[in-house]
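Below you'll find the structure, written out as structure tokens, and then a few comments.
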Amino acid sequence: MKPENQELRLIDTAHLIGEVEDYRNKGHRLVNVSCTRAGEEFEISYSFELDLRFENIRIIIPLDADIPSISGIYWGAFIYENEMHDLFGVHVRGMNIDFKGNLIRTTVPYPFRNTSFKGEGPCQDR
Amino acid sequence: MSRQIVMPFGPQHPVLPEPIHLDLVLEDETGVDGMLSIGYLHGGLETLVEKRQFPEYVYIAERTCGICSFIHGMTYCQGIERVMGLEVPERAHYLRTIWSEYSRLHSHLLWLGLFADSMGFENLFMNAWKHREFVLDVMEETTGGRVIQGSCKVGGVRRDIDQETLKKMERDLKGFEKGLKEMANVFLNDDSVASRLRGVGVLSRNDAYVCGAVGPTGRGSGVPIDARMTGYAAYGELDFSPVVEQDGDCYARCAVRVNELFSSIEIIRQSIDRIPGGEIEVKVKGNPDGEYFSRSEQPRGELVHYVKGNGTKYLARSRIRTPTLTNIPPLVKMLQGCELADVPVIVLSIDPCIGCMER
Amino acid sequence: MTYLKKSPWLLHYDASSCNGCDIEVLACLTPLYDVERFGIINTGNPKHADVFVVTGGVNEQNREVIRNIYEQIPEPKVVVAVGICASSGGIFRECYNISGGIDQLIPVDVYVPGCAARPESIIDGIVKSLEILEEKRIQMKERAKQKEQGSSPGGGER
């Protein structure tokens, strides 16, 4: 097995659009946008690929901050951004297709922001 | 003189094996736009990382999807192995490759059956599923499970396949391939199938790239994306190339999958020929600390498992980006300007796996 | 199978299953297992169905859908929970969006264990449910008879 080398760069939110545009111009494909809660911050990673080279850029934002949408550059990015909004409550400005929180119907608003669980004990006790 | 109407499609609909809700904006019989909302299958299983130790989470990862469960488990394990710096024995890599390809065969046959059913071709549906049982029998014989195998673990695989069984698997492939050829002939050369599929739901090469289409959806439009080319597991040592079609319509996507059946059989043959002896697992010590985006090629396209460990037995985050999620924007593009009667065929042509998508 | 006079139709609903059990339910209909030889047909319309087959645990979103389908199926009806998720929530029972097994919502007559449940056990479960269906049918007839007698006591006396 050949392990893949993955580059990860931390960038400033203000440079996000510029960086993404660069990738688009170089012909990269948008692979993934993922969000992780790390303490009182969200880490948002954008992954790109060109000719099997996998690259990531990451922004770190406070919990209540909003970020610009990249769906103007990569049309299909709306699906990740809506998902991020529905699960984590990250506000994304200017999405091309905005489901307004209706992409994934969840009972609890923003369930991944503060995770909760059901039935801690064995199920017979419930 | 036409006016726009919005027609709901699903969640429970006879052509959809799984619940998905689609709002179709129609002008007479022509679709102008399609918008979907999901959530009927959403369980939130990514959050379970906080409840299960990382070796146990393999079972959750496998149950993300009951169709390509082995590949989910394997991708997760590869991520953890990379973070922990584990060197998995070669034999385990080959076994993983063999099982992955059997999963692909089973998934494509399943899809071909459902697709035939959506065209109203019931005989072909039954035929495809008859061939699929052969694959499931092999799975059951070698792993103990028909659809959920549980044979992958962090650090290797749980079971070995002895040489005799490998030989038998190789022998049996011959008859299986013969049956598949007859079936493939109907999918690729039958007039009524072609008239139902040609020119339907066209996705241009550029759209496929910009929308991020992966797997057979992208390859049907001439984009040669195949994560197997990154050489994970034993793929780096085998000879194969991605199956690509240029037309971008439902027929092209169907043809990609039909031809991939034979490419998978070829990969299995090569793996059985070249499989080295030795151990099948390494001991796992310590806890993962670090992060990795583990990629693999699922039957539906590229799968990404993001794992982030924090040095404890419980991971900080697991994110599963399934190919169906990525293929939704291309689907929205395909639905623009289609005919209402073609909607079931177009929706099925991306091979949607909603269970995977919503997790 | 001699007690089976009618051909029972079943309705399959995928609650929040991982697809494993769904696929096995579908596999029951295909040539190797072929439940159609017993006259069992998978229908898409609740009003035509006798047996309600549910896979996967109840998720907060499809509560209403399941209840609605259940109420649309005419009496007598039986519910078969296929797989461990439908029986108890299984491996996913701690997820925030899963409420547990189907029995949290509607009465279940037969539980089919397994992850994923094997086609053989699904067929066994459905055959078992047909016995219960027949019993329910007889009970229903008796109740109707009693009701008839109760509403016009003595028959011709009036």
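Some observations on this one:
- Residues of the stretch B:263-299 classified as β-branched (Val, Ile, Thr), in a helix (DSSP H, G or I) and surrounded by fewer than 21 Cβ atoms within 10 Å (Cβ to Cβ), total: 2
- Residue match in the stretch A:38-49 (condition: within 8 Å of another protein chain (Cβ to nearest Cβ), crowded, with 16+ Cβ neighbours inside 10 Å and within 13 Å of the chain's Cα centre (by Cα)): yes
- Contact map, the stretch B:266-288: residues that are of a type in the set (A, V, I, L, M) paired with residues that are part of a strand (DSSP E or B), Cβ distance under 7 Å, separation 6+ or inter-chain. Pairs shown: B:Ile280/B:Gly156; B:Ile280/B:Val157; B:Val282/B:Gly156.
- Scanning the stretch C:92-105 for residues that are crowded, with 20+ Cβ neighbours inside 10 Å and either of a type in the set (A, V, I, L, M) or farther than 24 Å from B:Gly44 by Cα (or both) gives C:Ile98, C:Ile102.
- Matching entry among B:Leu315, B:Leu303, B:Leu325, B:Leu331 (being under 21 Å from the mean Cα position of the chain (by Cα), among the hydrophobic types (A, V, I, L, M, F, W, C) and either over 30 Å from B:Pro242 (Cβ atoms) or within 9 Å of chain A (Cβ to nearest Cβ) (or both)): B:Leu325
- Of the strands (runs of 3 or more DSSP E) contained entirely in the stretch A:1-59, those carrying at least 2 residues that are closer than 20 Å to B:Pro329 by Cβ fall at A:29-38, A:41-50.
- Of the candidates B:Arg91, B:Arg104, B:Arg82, B:Arg96, the single residue that is closer than 17 Å to B:Glu133 by Cβ and charged (D, E, K, R) is B:Arg104.
- Some residue of the stretch B:183-202 being within 13 Å of chain A (Cβ to nearest Cβ), in contact (Cβ under 8 Å) with a residue 60 or more places away in the chain, in contact with a helix residue (DSSP H, G or I) (Cβ under 8 Å, 6 or more places away or on another chain) and crowded, with 21+ Cβ neighbours inside 10 Å: no
- Residues that are more than 7 Å from every other protein chain (Cβ to nearest Cβ), among the polar types (S, T, N, Q), assigned to a loop (DSSP other than H, G, I, E, B) and surrounded by 19 or more Cβ atoms within 10 Å (Cβ to Cβ), drawn from the stretch A:70-113: A:Ser71
- Residues in the stretch B:243-255 include none that are part of a loop (DSSP other than H, G, I, E, B), buried (at least 23 other Cβ atoms within 10 Å of the Cβ), in contact with a helix residue (DSSP H, G or I) (Cβ under 7 Å, 6 or more places away or on another chain) and within 14 Å of chain A (Cβ to nearest Cβ).
- Among the residues making up the stretch B:224-251, those that are within 17 Å of the chain's Cα centre (by Cα) and among the aliphatic types (A, V, I, L, M) are B:Ile225, B:Ala227, B:Met229, B:Ala233, B:Val243, B:Val244.
- One residue from B:Met119, B:Met169 being in contact with a Leu (Cβ under 9 Å, 6 or more places away or on another chain) and either more than 30 Å from B:Pro276 (Cβ to Cβ) or at pLDDT 85 or above (or both): B:Met119
Yes/no per residue for (1) charged (D, E, K, R); (2) part of a helix (DSSP H, G or I); (3) closer than 28 Å to B:Thr47 by Cβ:
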position: B:Phe70; (1), (2), (3): no, yes, yes
position: B:Met74; (1), (2), (3): no, yes, yes
position: B:Gln78; (1), (2), (3): no, yes, yes
position: B:Ala92; (1), (2), (3): no, yes, no
position: B:Thr97; (1), (2), (3): no, yes, no
position: B:Leu105; (1), (2), (3): no, yes, no
position: B:Leu109; (1), (2), (3): no, yes, no
position: B:Gly120; (1), (2), (3): no, no, no
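- Count of the stretch C:21-40 residues, restricted to those that are closer than 30 Å to B:Arg359 by Cα and among the β-branched types (Val, Ile, Thr), is 3.
- The residues on offer are C:Val25, C:Val51, and the sole one that is of a type outside the set (Asp, Glu) and farther than 25 Å from B:Gln149 by Cβ is C:Val51.
- Qualifying residue in the stretch B:312-330 (condition: among the polar types (S, T, N, Q), part of a loop (DSSP other than H, G, I, E, B) and surrounded by fewer than 22 Cβ atoms within 10 Å (Cβ to Cβ)): yes
- Selection within the stretch A:50-69: residues that are of a type in the set (D, E, K, R) and over 19 Å from A:Gly18 (Cα atoms). The member of this set that is nearest to the chain's Cα centre (by Cα) is A:Asp64.
- Among the residues of the stretch C:30-50, those identified as under 16 Å from the mean Cα position of the chain (by Cα) and either outside any loop (DSSP other than H, G, I, E, B) or within 9 Å of another protein chain (Cβ to nearest Cβ) (or both) are C:Val35, C:Ile41, C:Asn42, C:Thr43, C:Gly44, C:Asn45, C:Pro46, C:Lys47, C:His48.
- Total residues in the stretch B:122-154, condition free of Cβ contacts under 8 Å to residues at least 24 places away in the same chain and part of a loop (DSSP other than H, G, I, E, B): 3
- Hits in the stretch B:284-337 (condition: β-branched (Val, Ile, Thr) and closer than 28 Å to B:His106 by Cβ): B:Val304, B:Val307, B:Ile320, B:Thr322, B:Thr324, B:Thr326, B:Ile328
- Candidates C:Ile41, C:Ile23, filtered to the one that is closer than 26 Å to B:His131 by Cβ, crowded, with 22+ Cβ neighbours inside 10 Å and not basic (Lys, Arg): C:Ile23
- C:Glu94 being acidic (Asp, Glu) and in contact with a Phe, Trp or Tyr (Cβ under 6 Å, 6 or more places away or on another chain): yes
- Qualifying helices (runs of 4 or more DSSP H) (wholly inside the stretch B:155-218; at least 2 residues being under 17 Å from B:Ile265 (Cα atoms)): B:163-189
- Residue check for B:Asp289: touching a strand residue (DSSP E or B) at 6+ places or on another chain (Cβ under 9 Å), acidic (Asp, Glu) and under 29 Å from C:Ser17 (Cβ atoms): no
The values are calculated or read from the model by the stated rules, or taken from the named source; none is laboratory data. All values reported here derive from a predicted model rather than from experimental measurement. Note that we place each Cβ from the backbone using ideal geometry, even for glycine, and neighbour counts take in every protein chain shown.
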